[in-house]
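Quick notes on the structure that follows.
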Amino acid sequence: MKFTKMHGIGNDYVYIDCFKEQVKDPEKLAVCVSDRHFGIGSDGLILIKPSNVADCEMEMYNADGSRGEMCGNGIRCVGKYVYDNGIVDKTTLTVDTLAGIKTLELQVDKMSKQVVAVTVNMGEPIFKPDQIPVLFEENPVKAVPLVVGQERYLITCVSMGNPHAVIFVEELERLDLAMLGPCFENYEKFPNRINTEFVKIIDRSHLKMRVWERGSGETLACGTGACASAVAAMLNGFVDRRTEVELLGGKLFIFWSPEDNCVYMTGPAEMVFTGEGIF
């Protein structure tokens, strides 16, 4: 089976072109290829498949084999893959996901003729607790106190196609996410588990963020998490509609449009290497 390793600001996945390949057991394959010592090494597995309703379909799995609804960094790489490999020949394209059909605008380098950055219409943020889903009575769940591990946190919850809990903090670097992350991910208020973002406000147009992704642990970046963090910061009045989100792996640029209420994410997509193996 042929595969491609790609990343969006360090959020790396193994991609398989299912226009050419067949995958029988993607859950087990995701666990196998994601292992950074005995596999290829990644935050998960993404299958690029034909679609009857869009230019292609993105089927995404976390490193533990669980299915994910959406991946912001992953979908940018899907856009780069299908353009650079001639599956599509246009710079505006659609990708079908479990979170709905997403529209991508590709930025193509004139010299290399390859995609260097992608803007994704991530859709409207969801605040209704039962649609995120989270088990809170507040609507929206904005700066709601929650005690986790004997500490009190103020959380803001939003779905960007998958569930997020955003926490604003004064100190990022010293946070023990290996300890905190699983406590939030598996907390009883989050029936489908949760992605948790710890965010520091730098100024009105700049956030710094660390993320614990359900099923994968701490990652260098999370596109939906960056969108959720920016929206949560805007909802709480901390930043303006257009903001930069700085993650461990790089920067994403988020715009929550007042015209259509959709969130637009812009960032790079890069190919690391291709390979072939027996799985």
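Here are a few things to note about the model shown:
- FRET E, pair GLU138, GLU69, Förster distance 35 Å, beta-carbon r, rounded to 0.05: 0.90
- Neighbour counting of Cβ atoms within 10 Å sorts the residues CYS77, CYS32, fewest neighbours leading, into CYS32, CYS77.
- For the pair GLN107 and LEU248, a Förster radius of 25 Å applied to the C-beta separation gives a FRET efficiency near 0.60, rounded to the nearest 0.05.
- Karplus-derived 3J(HN,Hα) values for the stretch 181-193, using 6.51 cos²θ - 1.76 cosθ + 1.60 with θ = phi - 60°, are x, x, 5, 6, 3, 9, 5, 4, 6, 10, x, 9, 6 Hz; glycine and proline are entered as x.
- Think of each Lys and Arg Cβ as +1 and each Asp and Glu Cβ as -1; about the Cα centre, that makes the dipole of the stretch 73-172 roughly 380 debye.
- Euclidean distance between Cα centres, the stretch 121-155 to the stretch 88-112, Å: 31 Å
- Sum of -39500 (n - 2.57) over DSSP H runs of 4+, divided by residues of the chain (222 nm, nearest 500): -5000 deg cm²/dmol
- The residue list VAL108, ALA165, LEU177 was ranked by how far each Cα lies along the charge dipole of the chain toward its positive end, using unit charges on Cβ atoms, and VAL108 comes out on top.
- For the stretch 174-207 and the stretch 24-40, distance of Cα centres in Å: 26 Å
- Per-pair calculated FRET efficiency, R0 = 30 Å: LYS128 and ASN52 via Cβ, rounded to 0.05: 0.50
- For the stretch 168-246, share of DSSP beta bridges that run antiparallel, in % to the nearest 5: 70 percent
- Among the listed options (i) 24, 21, 20; (ii) 44, 27, 17; (iii) 30, 21, 17, the one matching semi-axes √(5λ) of the Cα gyration tensor in Å as calculated from these coordinates is (iii).
- Global geometry of the stretch 137-223, whether rounded, prolate or oblate, following the gyration tensor of its Cα atoms and the 1.5 cut on a/c: rounded
- Computed over the alpha-carbon pairs of the stretch 1-103, the distance histogram in 5 Å steps reads 3, 14, 27, 27, 19, 8, 3, 0 percent, short to long.
- Calculation over all alpha carbon pairs of the stretch 157-279 in 10 angstrom steps from 0 returns a P(r) of 13, 44, 30, 11, 2, 0 percent.
- GNM on the chain, alpha-carbon springs under 10 angstrom: the most fluctuating residue among GLU69, GLU185, GLU21 is GLU21.
- For PHE127, net neighbour charge (Lys/Arg +1, Asp/Glu -1) across residues whose Cβ lies under 13 Å away: -1
- In sequence order, calculated HN-Hα J values of the stretch 259-266 (Karplus, 6.51, -1.76, 1.60; Hz; x Gly/Pro): 7, 10, 6, 8, 9, 10, 10, 10
- Local net charge near PRO50, Cβ-Cβ under 13 Å (Lys/Arg +1, Asp/Glu -1): -4
- For ASN11, the amide hydrogen comes within under 5 Å of the amide hydrogens of ALA221, counting only partners 5 or more places away or on other chains and with H modelled in the peptide plane.
- Fewest-first ordering of THR92, THR266 by other beta carbons within 10 Å of each residue's beta carbon gives THR92, THR266.
- Here's the picture: a label point sits 7 Å out from the Cα of GLU173 along the beta-carbon direction, and within the stretch 225-269 the residues with their amide nitrogen under 19 Å of it are 246-251.
- Its relative contact order, with pairs defined as Cα atoms under 8 Å and 6+ residues apart, puts the chain at 20 percent.
Coordinate-derived values only; no laboratory data. Given the structure is predicted, the values throughout are model-derived calculations rather than measurements. Glycine gets a Cβ as well: all are built from the backbone with ideal geometry, and neighbour counts include every protein chain shown.
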